[in-house]
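A.B. asks: What follows is a structure written as structure tokens; I'll ask about it next.
The values are calculated or read from the model by the stated rules, or taken from the named source; none is laboratory data. In this text, all values refer to a predicted model and were calculated from it rather than measured experimentally. For neighbour counting, all protein chains shown are included, and Cβ atoms are generated from backbone atoms with ideal geometry for every residue, glycine included. Just the protein is used for accessible areas: all its heavy atoms, side chains included, with ligands, DNA and RNA removed. Shrake-Rupley method; radii C 1.70, N 1.55, O 1.52, S 1.80 Å.
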Amino acid sequence: MPTLSAVTLPDHLDQEKLTGSIAVVIDVLRATTTIAQALQHGARCIIPVASIDSARMIAHKRQSALLCGERGGIKPEGFTLGNSPAEYTQQAVGGRDLVLTTTNGTRAMHMCDAAYEVLTGSITNLGALVNELSTRDQHIVLVCSGTDRKVSLEDAIAAGLIAQALQSTHTPDDSATLLRDAALGAIQSHGSLELAIASSFHAARLNDLGFGADVRFASQRSCCPIVPRFDPATGEITGIEQPQKTLG
Ligand code: 3SL
């Protein structure tokens, strides 16, 4: 069986090992949840960008592209959309190219440029992602984005749930086993997945900023059938759709 490993921060990635691997970038709060939502609502593609200046430049060149993202959780001046999944409605993003820059998530994606393939994961697309990954023969590395270079509980929980769901197709190494056990322990001790995520540092910060609804939305398991796929060659994220009935 192919193997599965995990890192709690992208800075811990072994770049050499990435080459033949599928990297799954996870930023539950909120970038990878928002990306899946945008694609589900018809965005043509998303261009993840590490800095605000490059995002402005790229959006300027791509005439009809929308400038989207956050710094410190807040929409920067002149941006059309922030980083709340609720903003990414069909009306707002249908048929559009989005240039997205976020503090941690889009940076993590670019740190995986060398991978064989880069997918993104969240709690909302967990079932679709697992369906997709279970068909692959490559080594998988789960890449938690973290928050400001610190480990994030919600990303670790999502990685642990993915590791648990892939047990029959991918052999977890100790890093993946550790996150699986930690995720199950956190969910059990808090009483639910939603409460475990709500207990995280990042959830508390988003709550203070008035984004509590985003935290609750991001905690809904497998409601989105889209698996976002980042192609470093084109710089674009597009969606692979899984049939709804197969979502676990
Ligand atoms: O850092 C990120 O990528 C964001 O998702 C952070 S926030 O939820 O918008 O604060």
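A.B. asks: Can you compute the radius of gyration and Dmax for the chain, using only the Cα atoms, both in Å?
C.D. replies: My reading of the Cα-based Rg and Dmax gives 16.5, 50 Å.
A.B. asks: If each of R216 and M57 carries a label point 7 Å out from its Cα toward its Cβ, how far apart are those two points in nm?
C.D. replies: Going by the 7 Å Cα→Cβ label model, 4.2 nm.
A.B. asks: Points 7 angstrom from Cα along the Cβ direction at D14 and D231: gap in nanometres?
C.D. replies: Calculated label separation equals 3.0 nm.
A.B. asks: On a 0 to 90 degree scale, rounded to 10, what angle separates helix 31-40 from the longest Cα axis of the chain?
C.D. replies: Tilt relative to the chain: about 70 degrees.
A.B. asks: On a C-alpha basis, how far is the centre of segment 1-41 from the centre of segment 191-206 in Å? Whole number, if you could?
C.D. replies: For segment 1-41 versus segment 191-206, the Cα centre distance is 20 Å.
A.B. asks: Which sequence of E236, E87 reflects their accessible areas, 1.4 Å probe, from the largest down? Walk me through the numbers before you get to the answer.
C.D. replies: Numbers: E236 35, E87 60 Å².
Ranking E236, E87 by accessible area, largest first, yields E87, E236.
A.B. asks: Can you find, among P243, S64, P232, the residue farthest towards the positive end of the dipole of the chain? Put +1 on the C-beta of Lys and Arg, -1 on that of Asp and Glu.
C.D. replies: S64
A.B. asks: Then there's this: Can you give the charge dipole size of segment 3-235 about its Cα centre, rounded to the nearest 20 debye, using +1 on the beta carbon of Lys and Arg and -1 on the beta carbon of Asp and Glu?
C.D. replies: In total the dipole reaches around 580 debye.
A.B. asks: Provide F201, F211 ordered by accessible surface of protein heavy atoms (probe 1.4 Å), highest first.
C.D. replies: Details: F201 150, F211 45 Å².
Final ranking, largest accessible area leading: F201, F211.
A.B. asks: Leaving ligands, DNA and RNA out of it, work out the accessible area of H41 with a 1.4 Å probe and give it in Å² to the nearest 10.
C.D. replies: Roll a 1.4 Å probe over it and H41 shows about 50 Å².
A.B. asks: Farthest toward the dipole's positive end in segment 3-235, which of Q91, G105, T19, given Cβ charges of +1 (Lys, Arg) and -1 (Asp, Glu) about the Cα centre?
C.D. replies: Working it through, the farthest residue towards the positive pole turns out to be Q91.
A.B. asks: Which residues among segment 188-224 fall inside the zone where the amide N is under 17 Å from a point 7 Å beyond the Cα of K150, along Cα→Cβ?
C.D. replies: Zone members listed by number: 197-209.
A.B. asks: Same structure again: Add -39500 (n - 2.57) for each DSSP H run of 4 or more in the chain, then divide by its residues: what number comes out at 222 nm, to the nearest 500 deg cm²/dmol?
C.D. replies: Values: 11 runs with 93 residues, N = 248.
After summing the helix terms and dividing by residue count, I get -10500 deg cm²/dmol.
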